[in-house]
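Visitor: What follows is a structure written as structure tokens; I'll ask about it next.
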Amino acid sequence: DTEVTQTPKHLVMGMTNKKSLKCEQHMGHRAMYWYKQKAKKPPELMFVYSYEKLSINESVPSRFSPECPNSSLLNLHLHALQPEDSALYLCASSQDPVLNTEAFFGQGTRLTVV
Amino acid sequence: GNSVTQMEGPVTLSEEAFLTINCTYTATGYPSLFWYVQYPGEGLQLLLKATKADDKGSNKGFEATYRKETTSFHLEKGSVQVSDSAVYFCALRQNTGNQFYFGTGTSLTVIP
């Protein structure tokens, strides 16, 4: 199983809503990532978790709140988003935080903020 | 610092043409290098990788060789198909860190 599963695939939310994006992997990977990708751009790193601890936060606004409940799950809690936050949100995992192995990506959640 | 530079797109080729997408990198130490492919509306899929100098990664007819002397990892395919139309990202990861550094992506369209 080399899958990273993200739910939901599509999400439309208002600026006053609270929603969560979910990501799951069962490969035993110990590093998990959230990326934001705008159209025709590369993924931008948001957060990195290593062994379930937040290790990198790329100065992301507090309206995005990550959570890693266990080694297989990663959530991204959304609150009071702006229309410019509309993007494809990608979750990824890699085997080990300190080995330079590849990352496996999920299919992404297409988020639209209205 | 670490960075990846890819050739600007978009690239349009006829079916069965030869493909090269250039990628050069800046890094200290000995990074691993990757090519990812993104089809419309989907996430990134690992296409191939190389973990040390002179390694050649290959998959689905695509190849790239890790050239430390020229700090390059160019993607090639001898005969492209319409189904290869996608965006291709070159990326590196250091052996001391947890971050991936992506190029800007190159959009490829293959026409019949």
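The values are calculated or read from the model by the stated rules, or taken from the named source; none is laboratory data. These numbers were taken from a predicted model, which means no experiment stands behind them. Don't worry about glycine lacking a Cβ; one is built from the backbone with ideal geometry, like all the others, and counts go over all protein chains shown.
Visitor: Can you tell me which residues in the stretch B:56-65 are within 14 Å of chain A (Cβ to nearest Cβ) and either closer than 15 Å to A:GLU102 by Cα or among the polar types (S, T, N, Q) (or both)?
Guide: If the condition is that a residue be within 14 Å of chain A (Cβ to nearest Cβ) and either closer than 15 Å to A:GLU102 by Cα or among the polar types (S, T, N, Q) (or both), then B:GLY57, B:ASN59 are the ones that fit.
Visitor: Restricting the search to the stretch B:11-35, which residues are assigned to a loop (DSSP other than H, G, I, E, B), modelled with pLDDT of 95 or more and either within 11 Å of chain A (Cβ to nearest Cβ) or loosely packed, with under 13 Cβ neighbours inside 10 Å (or both)?
Guide: Matches in the stretch B:11-35: B:GLU16, B:PHE18.
Residues checked against (1) in contact (Cβ under 8 Å) with a residue 40 or more places away in the chain; (2) in a loop (DSSP other than H, G, I, E, B); (3) of a type in the set (A, V, I, L, M, F, W, C):
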| position | (1), (2), (3) |
| --- | --- |
| B:VAL37 | yes, no, yes |
| B:GLU42 | no, yes, no |
| B:LEU47 | yes, no, yes |
| B:GLU63 | no, no, no |
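Visitor: Oh, and also: Please go through the stretch B:8-31 and give me each residue that is within 10 Å of the chain's Cα centre (by Cα) and under 12 Å from B:GLY103 (Cα atoms), ordered by number.
Guide: Step one: of the stretch B:8-31, the residues within 10 Å of the chain's Cα centre (by Cα) are B:20-24.
Selection gives B:ILE21, B:ASN22, B:CYS23, B:THR24.
Visitor: It is to be established whether one or more residues within the stretch B:72-87 are closer than 19 Å to A:GLY108 by Cβ and either among the acidic types (Asp, Glu) or within 14 Å of another protein chain (Cβ to nearest Cβ) (or both).
Guide: The answer is yes; a qualifying residue exists.
Visitor: Looking only at the stretch A:95-114, filter to residues that are within 14 Å of another protein chain (Cβ to nearest Cβ) and closer than 17 Å to A:GLU44 by Cβ; which one of those is surrounded by the fewest Cβ atoms within 10 Å (Cβ to Cβ)?
Guide: Here the residue is A:ARG110.
Visitor: So B:PHE102 ticks every box in (1) buried (at least 20 other Cβ atoms within 10 Å of the Cβ); (2) over 14 Å from the mean Cα position of the chain (by Cα); (3) facing another protein chain (nearest Cβ under 9 Å); (4) touching a residue at least 40 places away in the same chain (Cβ under 8 Å) but one. Which box is left unticked?
Guide: Against the list (1) buried (at least 20 other Cβ atoms within 10 Å of the Cβ); (2) over 14 Å from the mean Cα position of the chain (by Cα); (3) facing another protein chain (nearest Cβ under 9 Å); (4) touching a residue at least 40 places away in the same chain (Cβ under 8 Å), B:PHE102 comes up short only on (2).
Visitor: Give the residue that is nearest to the other protein chains (Cβ to nearest Cβ), with candidates limited to residues of the stretch A:55-88 that are of a type outside the set (S, T, N, Q) and more than 20 Å from A:LYS19 (Cβ to Cβ).
Guide: A:ILE56
Visitor: Suppose the filter is in contact with a Pro (Cβ under 7 Å, 6 or more places away or on another chain) and among the hydroxyl-bearing types (Ser, Thr, Tyr); does B:THR104 pass it?
Guide: Yes.
Visitor: Within the group A:LYS40, A:LYS9, which residue is more than 11 Å from the chain's Cα centre (by Cα), within 14 Å of another protein chain (Cβ to nearest Cβ), free of Cβ contacts under 8 Å to residues at least 12 places away in the same chain and more than 29 Å from B:TYR30 (Cβ to Cβ)?
Guide: Every option except A:LYS40 fails the conditions.
Visitor: Can you tell me which residue is farthest from B:PHE62 (Cα to Cα) among those in the stretch B:86-98 that are buried (at least 18 other Cβ atoms within 10 Å of the Cβ) and among the small types (Gly, Ala, Ser)? Steps first, please.
Guide: Taking the stretch B:86-98 first, the residues buried (at least 18 other Cβ atoms within 10 Å of the Cβ) are B:86-94, B:98.
The next check asks that each one be among the small types (Gly, Ala, Ser); those that pass are B:86, B:91.
Values: B:ALA86: 13, B:ALA91: 16 Å.
Within the stretch B:86-98, the match that is farthest from B:PHE62 (Cα to Cα) is B:ALA91.
Visitor: Separate question: Being surrounded by fewer than 16 Cβ atoms within 10 Å (Cβ to Cβ), under 13 Å from the mean Cα position of the chain (by Cα) and in contact (Cβ under 8 Å) with a residue 24 or more places away in the chain: is that true of A:THR16 here? If you could, list the steps in order and put the result at the bottom.
Guide: Numbers: surrounded by fewer than 16 Cβ atoms within 10 Å (Cβ to Cβ): yes; under 13 Å from the mean Cα position of the chain (by Cα): no; in contact (Cβ under 8 Å) with a residue 24 or more places away in the chain: yes.
No: the conditions fail for A:THR16.
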